[in-house]
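See structure below.
Please treat every number below as a calculation from the coordinates, not as lab data. If you're wondering where the values come from, they're calculated on a predicted model, not measured in any experiment. Virtual Cβ from ideal backbone geometry, glycine too; neighbours counted across all protein chains shown.
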Amino acid sequence: MLSGRLDDADRLAAEALAGFEEAAIPYDVAHGWITQARVRRARGDERGWLELVDRARRRIESEGFGSLYARCPEIRLPAADRIGAALTAFAAGDALGVPWEGGTPVTVDRDAVASIPAARWGWPRGSTSDDTAQVMLVAELLADTEGRPTPEEFMARLAAVADEIRGLGPTTRAALAEFTATGRIPAPDPGRRPTNGAAMRMLPVGWVTPATDADLRRRRVEALAVGTHQAPVAIGAAQVIAAMGAWAVEGVERDTILAAAEEEVAWVGRRDAELSAVQAALAGRWRPPEQGVGLDADETVAAVVHVVRAADDLGSALLQAVYLGGDTDTVAAMVGGILGAAAPEQVPALPWLALVDYEPPSGLAGRLADLRRAWYVR
């Protein structure tokens, strides 16, 4: 771009855009935004890039300027195959971690992890857990409601299949028991532990919500969290995971995904829910617990950030997530859903993928991609 003369490129793009706007030529205005976006990205400002790209996408989608996608393929909306790869990577991480869940890091046999041995509690080899079951439930509910889920709908669907789900966590089981008995969403209980069940199912919210609409993403997270997890820290941790997913599915660099997490942690903090462990992980100061990663939402998301921050590639990141011990399936699943969205081409190369007992629901990834696309023609 002008042989690296980015200041000149920025100035000329702005001048051209002003002319297009004055002449009221919408196609050229959209193209002007894309040109400005390219300058932002060349400067390393992927957040600024996406703000302009989303502005152009709305014009493209609402006015039928699809030829701009052909001219500027880097701005295409995240496609169904990318979301499908993220779902598969989530399940692959879940299955990888299941045999080692609850153990300490020293009990994890690093030479055996990739072979996915049978779980010691009798589950079939390659099984996924409640992590994958709930992510699928959330994804289907988002698609079925056109992105307008309610807490009651989520709880009703979860209650209907709870007996078939392996490994439901203690907070979720308690909330389901209360909902089944009363038909109401449980009231907040200050004494209830802020566990990670809401965070672990929230990546589909990020995948279907444009990263530039944080308000919509946060409302969706809240609706899909409060049925089982009312603690501000639990909901805040879920917000961070959804934000990471929203940026990852755009194929941005890892630093941009982590910057989104940092921004979300700050937003959560302004709402009286400090995520101190996640903050430490973002700063490179968090150290994995000797007993393994626990069920607390802050600690779990800190582990996810810790692994994503140090990741070389998807496969090694998933192994590192399991090596942490503790809630291995949940940490590895979320790492998979984030990095699989960011680098879908790495998912088919996972050496244990054929061992995973997961069959993607027909058409679901396409419905999720359509839901994300619908935002641009509101």
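Entry note, the chain: relative contact order of 25 percent, from Cα contacts under 8 Å with a spacing of 6+ residues. Only Lys, Arg, Asp and Glu carry charge here, each on its Cβ (+1 for the first two, -1 for the last two); on that basis the range 200-327 has a dipole of about 220 debye about its Cα centre. So what's the angle, to the nearest 10 degrees on a 0 to 90 scale, between helix 297-310 and the longest Cα principal axis of the chain? The answer is roughly 60 degrees.
Principal-axis analysis of the Cα atoms of the chain puts helix 46-63 at an angle of about 70° to the longest axis.
Grab the DSSP H runs of the chain that are 4 residues or longer, score each as -39,500 (n - 2.57), total them, divide by all residues and round the 222 nm result to the nearest 500 deg cm²/dmol.
Details: 18 runs with 227 residues, N = 378.
That calculation yields -19000 deg cm²/dmol at 222 nm.
Nearest 10 degrees, 0 to 90: what angle lies between the long axis of helix 254-269 and the longest principal axis of the chain (Cα atoms)? Helix 254-269 sits roughly 70 degrees off the main axis of the chain. Quick check: from the Cα gyration tensor, does the chain come out rounded (a/c under 1.5), prolate or oblate? In terms of gyration-tensor shape, prolate.
Placing +1 on each Lys and Arg Cβ and -1 on each Asp and Glu Cβ, with no other charges, gives the chain a dipole about its Cα centre of roughly 260 debye.
Exposed loop sites here mean GluC sites (Glu not before Pro) with a DSSP loop assignment and at most 16 other beta-carbon atoms within 10 Å; the chain contains its longest site-free run at 1-145. Annotation for residue 263 and residue 110: the two label points, set 7 Å from Cα along the Cα-Cβ direction, are 3.6 nm apart. Rounded to the nearest 0.05, what FRET efficiency do residue 42 and residue 70 give with R0 = 25 Å and r taken as the Cβ-Cβ distance? Could you check? Efficiency computed from Cβ-Cβ geometry: 0.75.
Could you tell me how far the Cα centroid of the range 24-52 sits from the Cα centroid of the range 278-316, in Å? Cα centroid to Cα centroid, the span is 34 Å. The distance linking the range 93-159 with the range 324-342 is 10 Å (Cα centroid to Cα centroid, whole angstrom).
The Cα center of the range 227-265 and the Cα center of the range 184-205 differ in position by 15 Å.
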